[in-house]
Amino acid sequence: MAAKKFLKGSEEWMMFMDFWKLCQDYWEPEDSQEYWKNMSESVVSFGNKYQSIPLARIIAMGFIDSVEFKAKQMNIPFS
């Protein structure tokens, strides 16, 4: 199996660092319009920034699904 080490500063490395930040900022859903607005804008911004990397869209959509699932489990409405 061939391993891949992303070079620090490469577009892929930056994508994963930005995704990590996105997760840290919005991992736990909150019951506020501000949270959902900011989270949505951040995910769109992430997707736009890394539109040349197909994986970015996939992990962004998966992140949204995950946060919405958690919100549903916590009985927090999302919009």
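I need the full set of residues from region 1-27 which are among the hydrophobic types (A, V, I, L, M, F, W, C), open to solvent by less than 50 Å² (accessible area, probe 1.4 Å) and farther than 26 Å from Gln73 by Cβ, in order please. Working first, answer last.
The first filter runs over region 1-27 and keeps only residues among the hydrophobic types (A, V, I, L, M, F, W, C), leaving 1-3, 6-7, 13-17, 19-20, 22-23, 27.
Subset that is open to solvent by less than 50 Å² (accessible area, probe 1.4 Å): 15, 19, 22-23.
Scanning region 1-27 gives a single hit, Met15.
Among the residues of region 41-69 satisfying the criterion of being over 9 Å from the mean Cα position of the chain (by Cα) and of a type in the set (Ser, Thr, Tyr), which is surrounded by the most Cβ atoms within 10 Å (Cβ to Cβ)?
Only one residue fits best here, namely Tyr50.
Answer yes or no as to whether Glu30 is part of a loop (DSSP other than H, G, I, E, B) and surrounded by 10 or more Cβ atoms within 10 Å (Cβ to Cβ).
Numbers: part of a loop (DSSP other than H, G, I, E, B): yes; surrounded by 10 or more Cβ atoms within 10 Å (Cβ to Cβ): yes.
Yes, satisfied.
Within the set of pairs 6+ apart or on separate chains, which have a first residue in region 48-66 that is on the phi < 0 side of the Ramachandran plot and without any contact (Cβ under 8 Å) to a residue 60 or more places away in the chain, a second that is exposed (fewer than 11 other Cβ atoms within 10 Å of the Cβ) and not in a helix (DSSP H, G or I), and C-beta atoms under 8 Å apart?
Matching pairs, first to second residue: Arg57/Gln51.
Per-residue answers, yes or no, for (1) touching an Asp or Glu at 6+ places or on another chain (Cβ under 7 Å); (2) over 14 Å from Ile59 (Cβ atoms); (3) of a type in the set (A, V, I, L, M):
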site: Leu7; (1), (2), (3): no, yes, yes
site: Ser10; (1), (2), (3): no, yes, no
site: Trp13; (1), (2), (3): no, yes, no
site: Met17; (1), (2), (3): no, no, yes
site: Trp20; (1), (2), (3): no, no, no
site: Cys23; (1), (2), (3): no, no, no
site: Glu28; (1), (2), (3): no, yes, no
site: Ser32; (1), (2), (3): no, yes, no
site: Lys37; (1), (2), (3): no, yes, no
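The values are calculated or read from the model by the stated rules, or taken from the named source; none is laboratory data. All of these numbers come straight from a predicted model, not from anything done at the bench. Neighbour counts are summed over all protein chains in view; Cβ atoms, including those assigned to glycine, are modelled from backbone coordinates with ideal geometry. Just the protein is used for accessible areas: all its heavy atoms, side chains included, with ligands, DNA and RNA removed. Shrake-Rupley method; radii C 1.70, N 1.55, O 1.52, S 1.80 Å.
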